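Asker: Here it is: the structure, laid out below.
The values are calculated or read from the model by the stated rules, or taken from the named source; none is laboratory data. Remember, it's a predicted structure, so these values are computed and weren't measured experimentally. Cβ sites come from the backbone with ideal geometry, for glycine too, and all protein chains shown count toward neighbours. What goes into the accessible areas is simple: the full protein's heavy atoms, side chains included, and nothing from ligands, DNA or RNA. Shrake-Rupley method; radii C 1.70, N 1.55, O 1.52, S 1.80 Å.
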Amino acid sequence: MLGNCIKKRLLIIAVSAVMCACGAAELFAKEYVLGGKGGWPVFQQQENITTGKGRYGYDCIQLASNSFVFDEYTDLLIDFEDAQMPISNGDYTINRNNFQLTNQTKNEKAAGLSRNMGGLSISGQPGSFFGSEGLMGSFSIEFWLCPSIAENGEIVLNWESSRNEDGRLAFQVISGTFDKGHLRWELNNIFDLYVNEAGRNEVELKGSSKIIPDVWSYHVLSFDCETGILEYIVNGITEDLTYITTTRSEGGDVSLVYLGTPSELAICSEYTGKIDDFRILRRPYTPPDFQSAENAGRVGHTQYLPSGGRFVTKPIMVSTGSVLNKLEAEMNVPAQTEVCYYVRSGENFYGWNEEYPEWKPVESGEELTGITGLYFQVAVELMPDGNGEQTPAITTIKLDFTELPEPLPPFIVKAVAGNGSVTVSWNYSVDDTAGGYYLYYGTRPGEYLGRIAIEGESPINVGNTSSFTVTGLENGKIYYFAVAAWSALDMRVVGNLSKEVFARPLARLK
């Protein structure tokens, strides 16, 4: 008899051990995935990043192209992201738009595609550069170009008007056309009181490097009203320059821009190929070598900003006391580019700011220690190569963490009514991670909102015991009870509730 009891007890212990081992293995091993098949969440912060196509066709996070931005100097910005409204900013209206959109772009998601069908014609509102008459200050016209042919006579930009000069009309032209594989600029009667060596108010600038079909190049026509320098820049390098001064050299009196009657500006009116990020600025071109940190967004000839980009996830809720073991990223990091990861954690995220809790730098695949909490947060910095031509890309970020197991509840629970009290008893949990018990009570099934017991509100932490008497209850009213175990590893980790029991306290008859 005693032998059979011992055998049954050993069997129960063995079965319980297997259950605990399986349960612990299932609960401890957790993984949270950002990106991949499930996609990327909305970030708490992001700067200069976008999505592209990563491995297996999933969206990846990468640096955003160094697209032009609309700032206090910008007169017009055409980014071609919207087929119906390629102008993203500026006081200009569209007269004609024969551009198509293409995803074979230099910046962002789309570029303009011209098939020698008239391109884009726009008119400036009063106050804009090409919508005003009279003296003007510095300017720069910049854009990315990718011609299909680069044939002689193709017109990339053309503006024609006239102004009154002492009672006679002077025909004005600003044009950029292809000439033997180069882009040639003509500016006729644009500058007040200027004359060239031939005695005419005409200026010509021509590129020295040959423009290669199907290759993107960055072009700038820039005038500085302080120095009188008019220059043509290709891919950040000055290819032609002249002084718009009385001496046609440095030190002479500067001739200013004087525009006549406002008229339309034609972009790619006779041109086959792609164009992207067309911008007019009320300032001269600023070489990248002289950029300050606050003006970093004005770098024009690099595909990616040298400062890179970053994103910060929203706090990720896991479970109380979880431990982050590893951050592992699926990524592509070309030579000279870099990706830096940072993590932090806490039991709540109220009061978090940029500095608190402290960010901890981590490496992908590195074993981590000391990062615990109910919430994890990830920050990532992406940096391009030295030439600003390559970007890293992140397809997935996996957070491998340990979640404390929730202890199993007692399997057997009983309730016995007394006079104004109920004694609840249970067997100890078979889970060896159980450190104690919470006793829940209330007056409705499944709602344990009791408040009147002398021992306190529901739930009552009864410690590591298997019986507890709740007193101060109302006789004649039915009460419902359940028991949950809390973890010996962290008492904030509470397991599921046991089955529900009930009892009705009554006054005992004498």
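Asker: Within the bounds of segment 142-162, is there any residue that is open to solvent by less than 50 Å² (accessible area, probe 1.4 Å) and in contact with a helix residue (DSSP H, G or I) (Cβ under 8 Å, 6 or more places away or on another chain)?
Answerer: yes
Asker: Additional query: Which condition from (1) over 30 Å from residue 368 (Cα atoms); (2) open to solvent by less than 60 Å² (accessible area, probe 1.4 Å); (3) not β-branched (Val, Ile, Thr) is the one that residue 435 breaks?
Answerer: Among (1) over 30 Å from residue 368 (Cα atoms); (2) open to solvent by less than 60 Å² (accessible area, probe 1.4 Å); (3) not β-branched (Val, Ile, Thr), the lone unmet condition for residue 435 is (1).
Asker: Continuing with this model, one more query. Which residues, counting only those in segment 412-447, are in a loop (DSSP other than H, G, I, E, B) and over 11 Å from residue 485 (Cα atoms)?
Answerer: Hits for segment 412-447 are 412, 418, 419, 420, 427, 443, 445, 446.
Yes or no, residue by residue, for (1) without any contact (Cβ under 8 Å) to a residue 40 or more places away in the chain; (2) of a type outside the set (S, T, N, Q); (3) closer than 22 Å to residue 250 by Cα:
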site: 179; (1), (2), (3): yes, yes, no
site: 192; (1), (2), (3): no, yes, yes
site: 205; (1), (2), (3): yes, yes, yes
site: 210; (1), (2), (3): yes, yes, no
site: 224; (1), (2), (3): no, yes, yes
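Asker: Among the strands (runs of 3 or more DSSP E) lying completely within segment 37-105, list those that include at least 1 residues that are of a type in the set (S, T, N, Q) and touching a Gly at 6+ places or on another chain (Cβ under 9 Å).
Answerer: Counting at least 1 such residues, we get 45-47, 49-53, 59-63, 74-78, 92-97, 100-102.
Asker: Six or more apart or on different chains, Cβ under 6 Å: which pairs go from a residue in segment 362-383 that's touching a residue at least 40 places away in the same chain (Cβ under 8 Å) and on the phi > 0 side of the Ramachandran plot to one that's part of a strand (DSSP E or B) and surrounded by 19 or more Cβ atoms within 10 Å (Cβ to Cβ)? Could you list them?
Answerer: Correct list of pairs: 373/345.
Asker: Looking at (1) out of contact with any strand residue (DSSP E or B) (no Cβ under 9 Å at 6 or more places or on another chain); (2) under 26 Å from residue 320 (Cα atoms), which one does residue 436 not meet, given that it meets all the others?
Answerer: (1)
Asker: Of everything in segment 184-223 that's of a type in the set (A, V, I, L, M), at pLDDT below 95 and closer than 25 Å to residue 170 by Cα, which residue is surrounded by the fewest Cβ atoms within 10 Å (Cβ to Cβ)?
Answerer: Restricting to residues being of a type in the set (A, V, I, L, M), at pLDDT below 95 and closer than 25 Å to residue 170 by Cα, the top hit is 198.
Asker: Checking residue 506 against (1) open to solvent by 80 Å² or more (accessible area, probe 1.4 Å); (2) in contact with a Ser or Thr (Cβ under 7 Å, 6 or more places away or on another chain): exactly one of these is not met. Which one?
Answerer: Against the list (1) open to solvent by 80 Å² or more (accessible area, probe 1.4 Å); (2) in contact with a Ser or Thr (Cβ under 7 Å, 6 or more places away or on another chain), residue 506 comes up short only on (2).
Asker: If you don't mind, another one. Does any residue in segment 459-484 that is farther than 16 Å from residue 421 by Cβ come within less than 7 Å, Cβ to Cβ, of a residue that is among the charged types (D, E, K, R) and open to solvent by 50 Å² or more (accessible area, probe 1.4 Å) six or more places away or on a different chain, and which pairs are these?
Answerer: As it stands, the answer is 482/500, since those pairs meet every condition given.
Asker: So, one more: Which one of 406, 455 is in contact with a helix residue (DSSP H, G or I) (Cβ under 9 Å, 6 or more places away or on another chain), part of a loop (DSSP other than H, G, I, E, B) and open to solvent by 10 Å² or more (accessible area, probe 1.4 Å)?
Answerer: None of the others qualify; the one that does is 406.
Asker: In segment 381-403, what residues are more than 30 Å from residue 235 (Cα to Cα) and outside any strand (DSSP E or B)?
Answerer: Passing the criteria: only 403.
Asker: Another question about this same structure. As an exercise: evaluate residue 416 against (1) under 53 Å from the mean Cα position of the chain (by Cα); (2) within 24 Å of residue 452 (Cβ to Cβ) and give the number of the one condition it does not meet.
Answerer: If we test residue 416 against (1) under 53 Å from the mean Cα position of the chain (by Cα); (2) within 24 Å of residue 452 (Cβ to Cβ), just (1) comes out false.
Asker: May I pose another question? Is there any pair with a first residue in segment 43-56 that is at pLDDT 85 or above and a second that is open to solvent by 50 Å² or more (accessible area, probe 1.4 Å) whose Cβ atoms are under 6 Å apart and which are 6 or more apart or on different chains, and what are they?
Answerer: If the second residue must be open to solvent by 50 Å² or more (accessible area, probe 1.4 Å), the pairs left are 44/314; 47/310; 51/59.
Asker: Could you grab me the full set of residues in segment 465-485 that are among the aromatic types (Phe, Trp, Tyr) and open to solvent by less than 40 Å² (accessible area, probe 1.4 Å)?
Answerer: 479, 480, 481 - these are the residues of segment 465-485 that are among the aromatic types (Phe, Trp, Tyr) and open to solvent by less than 40 Å² (accessible area, probe 1.4 Å).
Asker: I'd like to verify a number: residues in segment 224-246 that are surrounded by 17 or more Cβ atoms within 10 Å (Cβ to Cβ) and farther than 19 Å from residue 177 by Cβ, how many?
Answerer: 7
Asker: Follow-up question, since we're still on this one. Can you tell me how many residues in segment 451-473 are within 47 Å of the chain's Cα centre (by Cα) and of a type in the set (Gly, Ala, Ser)?
Answerer: The number of residues fulfilling the criteria is 1.
Residues checked against (1) farther than 25 Å from residue 38 by Cβ; (2) touching a Lys or Arg at 6+ places or on another chain (Cβ under 8 Å):
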position	(1), (2)
332	no, yes
340	no, no
346	no, no
351	yes, no
362	no, no
368	no, yes
371	no, yes
378	no, no
402	no, yes
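Asker: Considering only residues of segment 277-304 that are at pLDDT 85 or above and of a type outside the set (Lys, Arg), which is nearest to residue 392 (Cα to Cα)?
Answerer: Per the stated criteria, the residue is 304.
Asker: Something else: Restricting to strands (runs of 3 or more DSSP E) lying wholly in segment 297-376: which have 1 or more residues that are under 18 Å from residue 62 (Cα atoms) and either within 20 Å of the chain's Cα centre (by Cα) or among the basic types (Lys, Arg) (or both)?
Answerer: Numbers: elements: 309-312, 316-332, 338-346, 360-362.
Passing ranges, in order: 309-312, 316-332, 338-346.
Asker: Any idea which residue in segment 39-94 is farthest from residue 282 (Cα to Cα), counting only those that are among the hydrophobic types (A, V, I, L, M, F, W, C) and open to solvent by 60 Å² or more (accessible area, probe 1.4 Å)?
Answerer: Across segment 39-94, the extreme among qualifying residues is 42.
Asker: Next up: Hey, can you tell me all the residues within segment 368-400 that are open to solvent by 10 Å² or more (accessible area, probe 1.4 Å), of a type outside the set (Gly, Ala, Ser) and in contact with a Gly (Cβ under 9 Å, 6 or more places away or on another chain)?
Answerer: 372, 374, 375, 381, 383, 384, 391, 396, 398
Asker: Among the aliphatic types (A, V, I, L, M) and surrounded by 18 or more Cβ atoms within 10 Å (Cβ to Cβ): does that describe residue 462?
Answerer: Taking the combined requirement at face value, the residue satisfies it.
Asker: May I pose another question? Can you confirm whether residue 447 is more than 22 Å from residue 501 (Cα to Cα), surrounded by fewer than 18 Cβ atoms within 10 Å (Cβ to Cβ) and either free of Cβ contacts under 8 Å to residues at least 40 places away in the same chain or charged (D, E, K, R) (or both)?
Answerer: Here the answer is no, as residue 447 does not meet what is asked.
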